[in-house]
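What follows is a set of notes on a single structure, which appears directly below.
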Amino acid sequence: MRTLVDISAPLMAGIASDPPGLVPSIEYLTHTDTVDDMLRFFPGATVDDLPDGEAWAIERVSMTTHSGTHLDAPYHYASTMNHGQRAITIDEVPLDWCFQPAVKLDFRHFDDGYVVTPADIDAELDRIGHSLRPLDIVVVNTSAGTHYGQDDYVSKGCGIGHDATLHLLSQGVRVTGTDGRSWDAPFQFTAARYAKDRDSSIIWEGHKAGREIGYCHIEKLHNLEQLPPPASRYPASRSKCTRPRPGGPVRWRSSTRMSSGSSADHRGHVTLTPATPEGNGGHSPVDIGSRTNATHSHIFAIK
């Protein structure tokens, strides 16, 4: 039996998906709100010239490149990677990084703000009986996943530390993922540690590991709890990009083939396809994804 699990989180305005100042917003404009906009195209025309005096109903969306489920390119973390090389943008990410087997690590038991260590990763790999191979995709299931859409989402979940990230990268991993807002621990916990110890090395430490070994990660994944645990396979792909940027719109799905054997027999695939969000102004679904910058790939499902 083959089942489909959507592991991309929808972007919904009005929920606490990001810290204050970064939350997506949508302004809804009615047929009368946009009359002046339409008349600018037709010098001399008045509202009486428009059918029923109406223009178009549209939405004005404000968001950051961190909105929705997204893939971070190395250029997002720093201008360099691999100890001084120019960091690659999302259009330069090798496709063979994305079409690979992957494994899920279950870190839901860790406290919010906990920073995962190399020993934690090895313990979980031992528990599920998996040995990492070059280009394996590693996704981590944290306590944040089930809190998406709730007020505490931004502060939920553990983060992956600098040493733990390099532990993965040194074994050939080049794409990772999390259901938390960030690969790193929620900033409020890092800020508290920094205020106490003044150790600046802990600031964005998991991301900044990319300066030493370039890699990508997926943030704001969803429904990881539904994926089979050990030795699962979730090959993924990024969307085609038309110009350099740190990322673009995507949808992640796990198509999991279930078997009657042990959990180690479960196999699945993740595909990354262009998003098709529906507008509320009568538009057909369109890809509103990012020809915006050079750092991310996204899924924008506006609701």
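Would you say Arg193 is without any contact (Cβ under 8 Å) to a residue 40 or more places away in the chain, closer than 23 Å to Gly210 by Cα, open to solvent by 60 Å² or more (accessible area, probe 1.4 Å) and in a loop (DSSP other than H, G, I, E, B)? Lay out the reasoning, then the answer.
Values: without any contact (Cβ under 8 Å) to a residue 40 or more places away in the chain: yes; closer than 23 Å to Gly210 by Cα: yes; open to solvent by 60 Å² or more (accessible area, probe 1.4 Å): yes; in a loop (DSSP other than H, G, I, E, B): no.
Criteria not met by Arg193.
Considering each of Ile121, Ile128 in turn, give the residue that is modelled with pLDDT of 95 or more and under 21 Å from His167 (Cβ atoms). So that I can check it myself, show each step before the final result.
Details: Ile128 fails: modelled with pLDDT of 95 or more.
From the options Ile121, Ile128, the qualifying one is Ile121.
I'd like to know if segment 38-61 contains one or more residues that are modelled with pLDDT of 90 or more, of a type in the set (D, E, K, R) and open to solvent by less than 20 Å² (accessible area, probe 1.4 Å).
Filtering segment 38-61 for residues modelled with pLDDT of 90 or more gives 38-60.
From the residues that got through so far, the ones that are of a type in the set (D, E, K, R) too are 40, 48-49, 52, 54, 59-60.
This time we only want the ones that are open to solvent by less than 20 Å² (accessible area, probe 1.4 Å), so: none.
Among the residues of segment 38-61, not one is modelled with pLDDT of 90 or more, of a type in the set (D, E, K, R) and open to solvent by less than 20 Å² (accessible area, probe 1.4 Å), which makes the answer no.
If a residue has to be open to solvent by 30 Å² or more (accessible area, probe 1.4 Å) and in a strand (DSSP E or B) to count, how many in segment 77-105 make the cut?
Qualifying residue count, segment 77-105: 3.
In the set Val154, Val139, which member is open to solvent by less than 30 Å² (accessible area, probe 1.4 Å) and of a type outside the set (Ser, Thr, Tyr)? Write out each step before concluding.
Values: Val154 fails: open to solvent by less than 30 Å² (accessible area, probe 1.4 Å).
Step by step, each of Val154, Val139 is checked, and only Val139 is open to solvent by less than 30 Å² (accessible area, probe 1.4 Å) and of a type outside the set (Ser, Thr, Tyr).
May I ask you to verify whether Ala209 is part of a helix (DSSP H, G or I) and surrounded by fewer than 24 Cβ atoms within 10 Å (Cβ to Cβ)?
On the way: part of a helix (DSSP H, G or I): yes; surrounded by fewer than 24 Cβ atoms within 10 Å (Cβ to Cβ): no.
Criteria not met by Ala209.
When residues of segment 106-117 are filtered for being in contact with a helix residue (DSSP H, G or I) (Cβ under 6 Å, 6 or more places away or on another chain), at negative phi and either of a type in the set (A, V, I, L, M, F, W, C) or open to solvent by less than 40 Å² (accessible area, probe 1.4 Å) (or both), how many remain?
Total meeting the criteria: 1.
Residue by residue, here is whether (1) of a type in the set (Phe, Trp, Tyr); (2) assigned to a strand (DSSP E or B) holds:
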| residue | (1), (2) |
| --- | --- |
| Val23 | no, no |
| Ile26 | no, yes |
| Phe41 | yes, no |
| Asp48 | no, no |
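How many of the residues making up segment 212-221 are buried (at least 24 other Cβ atoms within 10 Å of the Cβ) and of a type in the set (Val, Ile, Thr)?
1
Listed here are the residues, each with its yes/no results for (1) of a type in the set (Gly, Ala, Ser); (2) touching a residue at least 60 places away in the same chain (Cβ under 8 Å).
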| position | (1), (2) |
| --- | --- |
| Thr117 | no, no |
| Ile121 | no, no |
| Leu132 | no, no |
| Leu135 | no, no |
| Val138 | no, no |
| His147 | no, no |
| Asp151 | no, yes |
| Gly157 | yes, no |
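Would you mind telling me which numbered condition in (1) in a helix (DSSP H, G or I); (2) farther than 25 Å from Thr295 by Cα His109 fails?
(1)
The values are calculated or read from the model by the stated rules, or taken from the named source; none is laboratory data. On a predicted model such as this, the values are computed, not experimentally measured, just so you know. Every residue, glycine among them, receives a Cβ derived from its backbone with ideal geometry; neighbour counts consider all protein chains shown. Just the protein is used for accessible areas: all its heavy atoms, side chains included, with ligands, DNA and RNA removed. Shrake-Rupley method; radii C 1.70, N 1.55, O 1.52, S 1.80 Å.
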